[in-house]
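First the structure, in the form of structure tokens, and then the observations on it.
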Amino acid sequence: MTENFVAVGPEATMLDVLGEIRRSEDSRFETIEVVHVLSPERHLLGIVKLKDVIRSHPQLGVRETMKTEPITARVGDTQEDVARQLARYGFSSMPILDDRGRLKGIVTADDAQEILQSADTEDVLKMGGVSGDADAYFSLSIVQLVKRRLPWLLILFLAEFATGSVMRHYTQRESATAADTLTQLILFVPLLIGAGGNAGSQVTTTITRALALGEVRGGDWFFVIRREFATAAIIGAILGTLGFLRSNIPGIGWGQPLEISLTVGLALPLIVVWAAAVGSLLPIGAKAAGADPAVLSAPFISTFVDATGLIIYFEVARRLVTF
């Protein structure tokens with residue numbers, strides 16, 4: 001915030017306001033679009049827009065035209081929250097008050113834009129598993145790029161061991177018949193975990209953005225999960241039907257046995273619904289715990305759904321296919 005703002009007392013006239021602005025140097029005020037009316041104790045009594053000052057009679061008092069309950073922010077608010085609030089209302093500036101209601105400074109729209117650009121860039125990087133600030137790409141050395149990317153890749157690399165453990169658990173069969181059946185089932189693993197990971201990433205990205213903009217709050221989790229469950233059920237049913245047809249119908253598909261095709265057709269909607277549930281609750285839970293939802297979004301959700309999606313797939317297969 002800046003302390004360079006236009007301020008007058010409640011007894012000032014429009015002529016006094018214009019005189020205050022004219023007598024001041026260009027560098028004194030960050031912006032002159034809003035005039036702040038302060039008490040002797042610097043409590044914010046109201047604001048007057050410059051266009052109203054210019055249009056009003058010179059002897060009219062600011063008390064007569066000021067907006068007495070302007071939208072404000074507190075000194076303890078984060079700069080990102082203030083910037084998003086300012087952008088939401090389309091103001092040129094936002095008054096910042098202390099706990100006693102005294103005006104301490106303002107945040108201008110151009111500063112808010114820089115804050116949001118930096119914050120959004122950092123969120124995009126975090127969602128891609130890249131740590132660090134929003135520095136220009138060519139300003140970073142190769143070593144700096146490695147430091148930003150390697151930590152999350154190591155974490156995800158270790159997490160993928162869970163996927164391998166699931167595969168080993170379900171594919172350790174000794175008979176030739178079981179091995180042939182497992183080979184047929186494994187053909188569809190990339191399709192299933194890819195659909196689940198992509199579905200989870202879509203939901204997580206959507207909810208993370210909604211949280212950042214204040215459109216969704218922690219108490220909205222039930223409404224979010226209900227909407228995402230319905231959406232995922234429809235998408236899953238469509239993908240499951242397409243997966244069944246792709247697997248079963250000769251000529252346009254792979255001509256797999258009916259039980260294999262049914263496994264794919266049933267597992268796909270279950271995985272998509274599960275991914276949507278996890279993808280919607282994970283960022284809300286992270287926000288409630290004080291963590292950054294973007295950090296736990298796309299990279300983690302894909303890895304988590306890979307392992308759990310395989311469990312769903314093979315458990316469905318155990319009930320429909322003999323292996």
**Study point:** Sites matching GluC sites (Glu not before Pro) across segment 154-255 that sit in DSSP coil, with at most 16 neighbouring C-beta atoms within 10 Å
**Key:** Glu160, Glu174, Glu215
Point to revise | Filtered GluC sites (Glu not before Pro), segment 30-99: DSSP coil and at most 15 other beta carbons within 10 Å | key: Glu41
Revision key, fill the gap. For segment 249-323, the percent of accessible surface on carbon and sulfur atoms (probe 1.4 angstrom, ligands and nucleic acids excluded) is 70 percent
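Between Ala289 and Gln59, what is 0.36 nm times their sequence separation minus the Cα-Cα distance? Round to one decimal in nm.
Taking Ala289 through Gln59 to full extension adds about 77.3 nm, to one decimal.
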Exercise for review: Report, largest value first, the span of the C-alpha coordinates of segment 1-64 along each principal axis, in whole Å.
Suggested key: 30, 25, 16
Practice item. Take the alpha carbon atoms of segment 205-268, find their radius of gyration, then divide it by 2.2 N^0.38 Å using N residues; give the quotient. Key: 1.63
Check your understanding: How many nm is it between the label spots at Leu245 and Leu18, if each spot is 7 Å from the Cα in line with the beta carbon?
Key -> 7.3 nm
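If the only charges are +1 at each Lys and Arg Cβ and -1 at each Asp and Glu Cβ, what is the size of the charge dipole of segment 1-44 around the Cα centre, to the nearest 20 debye?
Approximately 60 debye in magnitude.
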Revision key, fill the gap. Per the 1/(1 + (r/R0)^6) rule, R0 = 35 Å and r from the Cβ atoms of Thr322 and Glu215, FRET efficiency to 0.05 is 0.10
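Note the full-extension length gain between Glu69 and Ser92 as 0.36 nm times their separation in residues minus their Cα-Cα distance, in nm to one decimal.
Extending this stretch completely gives an extra 6.6 nm.
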Review point. In whole Å, what three semi-axes, largest first, describe the equivalent ellipsoid of segment 188-323 built from its Cα gyration tensor (square root of 5 times each eigenvalue)?
Key: 32, 13, 11
Exercise for review: Write down the Å³ per residue value for the convex hull defined by the alpha carbon atoms of the chain.
Suggested key: 191 Å³
Revision key, fill the gap. Treating only Lys and Arg (+1) and Asp and Glu (-1) as charged, each at its beta carbon, one finds that segment 170-323 has a dipole about its Cα centre, in Debye to the nearest 20, of 240 debye
Check your understanding: Can you give the accessible area per residue of segment 181-322, in Å², using a 1.4 Å probe?
Key -> 47 Å²
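If you take every DSSP beta bridge fully contained in the chain, what fraction is antiparallel? Give it as a percent rounded to 5.
70 percent
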Point to revise | In segment 202-293, the trypsin sites (Lys or Arg not before Pro) that fall in loop regions by DSSP, at most 13 other Cβ within 10 Å | key: Arg217
Check your understanding: Which Cα, out of Ala162, Leu211, His43, lies furthest along the positive dipole direction of the chain (beta carbon charges, K/R +1, D/E -1)?
Key -> Ala162
Check your understanding: Along the charge dipole of the chain, Cβ charges K/R +1 and D/E -1, which of Trp254, Leu153, Val107 sits furthest on the positive end?
Key -> Trp254
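The values are calculated or read from the model by the stated rules, or taken from the named source; none is laboratory data. The structure presented is a predicted model; accordingly, all values stated were derived computationally and were not measured. Ideal geometry is used to build each Cβ from the backbone, glycine not excepted, and the neighbour counts take in all protein chains shown. Heavy atoms of the whole protein, side chains included, go into the accessibility calculation; ligands, DNA and RNA do not. Shrake-Rupley method; radii C 1.70, N 1.55, O 1.52, S 1.80 Å.
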